[in-house]
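K.L.:
Just dropping this structure here.
Rule-based calculations on the coordinates, nothing more; no lab input. Bear in mind that the values here come from a model prediction, so they are computed numbers and not experimental data. Backbone-built Cβ (ideal geometry, glycine too); neighbour counts: all protein chains shown.
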Amino acid sequence: MTVGYSVERRPGVPRLLREINDRAALELLLATGPMTRGQIGDLTGLSKVTASQTLARLEERGLVEVVGAQAGGRGPNAALYSVIASSAFVAGLEVGPDLISTAVADIHGRTVAEVTLDPNGHDDPVPVVHDAIVKACRSAKVSLGKLRGVVIGTPGVVDPRSGDVRFSFDLPGWHEGIHEALAGDLKREVTIENDVNLAAIAERADGAAKGLDDFVLLWASRGLGLAVVLGGKLHRGRSGSAGEIGYLPVPGVPLPEDIRTEPGRLPSLAGGLQSLVSAEAVAELAQGYGFAAESAGECVRVAIEAGEAGEPLLDEIAHRLALGVAAVCVILDPGLVVLAGEIGHAGGAALNERVEEAVARICPVRPQVVTSTVIGNPVLRGAVLAALEQAREELI
């Protein structure tokens with residue numbers, strides 16, 4: 001019986017090994033870019049013959065192609081192999097109350113089209129999202145069927161179990177059942193993710209936290225949010241509410257109460273830390289210091305340009321931000337805090353230094369505070385990167 005079982009299992013072994021080899025070569029090419037057969041063999045441990053067979057299979061499947069040759073050594077130049085950019089595409093979206101941004105990228109992560117739409121006047125997000133993706137695909141000259149991953153970034157709490165937005169002040173139409181409705185409409189799996197979490201994904205891939213396993217990203221803009229990355233992974237919490245730092249109770253500030261009773265209400269009216277450092281709160285504060293401008297970010301920039309006259313305003317903003325940063329640091333001690341969003345970007349080094357000093361005054365931890373360095377829209381970039389991870393796994 002033992003011999004018979006072994007014989008029956010043998011035909012599956014070579015196939016499994018081929019799948020493992022194909023996966024290893026494809027992952028390597030996606031991670032590093034064009035490589036020769038010899039380089040692939042050296043880095044995967046495959047023999048020259050096995051590496052050649054692996055590349056031949058991937059070519060037959062329409063996944064890799066020869067893109068050039070590498071000179072060097074005696075004999076003919078070695079062929080350079082790369083994953084075919086058009087073998088799969090992904091779509092990333094950032095959804096807000098006044099704008100939907102959509103990017104389509106190839107399997108290498110290169111953005112091939114980006115469009116924006118105004119969702120106002122549409123209560124149902126399903127046709128709005130559908131229209132945004134279709135227009136982006138049309139602009140990229142990519143069929144909807146070529147999309148292997150779709151990730152949507154939204155403000156608010158996303159339930160990690162159902163994939164739905166549990167509640168969002170800015171998007172009252174995004175309710176339970178939207179995740180399933182979107183997947184059914186687009187006829188493919190769709191992921192909804194908190195927008196600040198996506199910004200952190202972009203920061204770890206392309207920004208100030210590149211390659212770091214532990215950091216937090218504090219997003220200070222119209223809303224206030226926090227993304228926590230521990231051990232290289234996003235920490236979402238059991239209900240998806242990890243990082244909702246805007247509701248942090250602060251001495252002398254009204255507590256957030258009955259936050260769900262008025263779904264359309266501005267987040268800054270909810271109490272807690274949000275009421276101190278949202279864009280609305282910072283703009284109001286700046287006006288009191290004599291630095292009125294069109295936006296909170298512009299108020300901060302004007303204060304920096306004013307030199308000594310603007311320091312009291314910057315000190316106050318830093319103190320308010322430090323209340324949240326200190327609360328996070330004494331629990332997580334992340335080492336690095338990235339300031340992002342409208343206020344974080346505008347503050348730059350002047351605000352970073354003040355936040356560091358303010359945190360050190362009120363708690364035993366002094367984190368490094370830096371400004372986000374992601375170019376372009378970090379939420380949209382994070383959505384594309386998250387979609388790429390899904391697409392590559394499916395492709396492999």
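K.L.:
For region 210-373, with only Lys/Arg (+1) and Asp/Glu (-1) charged at the beta-carbon, what is the dipole magnitude about the Cα centre, in debye rounded to 20?
P.N.:
Here the size comes out at about 620 debye.
K.L.:
Here is a follow-up. Could you work out how far the C-alpha centroid of region 222-258 sits from that of region 120-181, in angstrom?
P.N.:
Cα centres, region 222-258 to region 120-181: 23 Å.
K.L.:
Near the amide H of I192, under 5 Å away, which other amide H atoms are found, from residues 5 or more places off or on another chain, if H is placed in the peptide plane?
P.N.:
I152
K.L.:
Whole angstrom only: what separates the Cα centroid of region 193-213 from the Cα centroid of region 333-396?
P.N.:
Answer, in whole Å: 7.
K.L.:
While we're looking at this one, here's another question. Out of residues 5 or more away from G149 or on other chains, whose amide H comes under 5 Å of its own, with H placed 1.01 Å from N in the peptide plane?
P.N.:
A91
K.L.:
Using the Cα centre of the chain as the reference point, and only Cβ charges (+1 on K/R, -1 on D/E), how large is the resulting charge dipole? Debye, rounded to the nearest 20.
P.N.:
That gives a dipole near 2140 debye.
K.L.:
Along the positive direction of the dipole of the chain (beta-carbon charges: Lys, Arg +1; Asp, Glu -1; about the Cα centre), which of A88, L58, G207 reaches farthest?
P.N.:
Among A88, L58, G207, the one farthest towards the positive end of the dipole of the chain is L58.
K.L.:
Taking 30 Å as the cut-off for C-alpha to C-alpha distance, list the pairs among K141/K233; K146/K233; K48/K233 that go past it.
P.N.:
K141/K233; K48/K233
K.L.:
Which helices, counted as full DSSP H runs in the chain, have an axial Cα extent of no less than 24 Å and a Kyte-Doolittle average of -0.5 or above?
P.N.:
Helices meeting the span and hydropathy rule in the chain are 12-32, 311-332, 341-362, 378-395.
K.L.:
Let me ask something additional. Over the alpha carbons of region 210-373, what is the largest minus smallest coordinate on each principal axis, giving the biggest first in Å?
P.N.:
For region 210-373, the Cα spread along each principal axis is 43, 39, 27 Å.
K.L.:
Quick one: compute the contact order of region 44-174, relative version, from alpha carbon pairs under 8 angstrom and 6+ residues apart, as a percent.
P.N.:
Answer for region 44-174 is 19 percent.
K.L.:
A further question on this structure: What GluC sites (Glu not before Pro) in region 290-368 are in a loop by DSSP, with at most 15 other Cβ atoms within 10 Å of the Cβ?
P.N.:
Passing both the DSSP loop test and the Cβ count: E294.
K.L.:
How much of the calculated P(r) for the chain lies past 42 Å, in percent of all Cα pairs?
P.N.:
Summing the P(r) tail past 42 Å for the chain gives 24 percent.
K.L.:
Using a 10 Å cut-off on Cβ atoms, rank the peptides 82-91, 38-47 from the highest mean neighbour count down.
P.N.:
82-91, 38-47
K.L.:
In the Gaussian network model of the chain, springs joining C-alpha atoms below 10 Å, which of I178, I152, I331 carries the largest mean-square fluctuation?
P.N.:
I331
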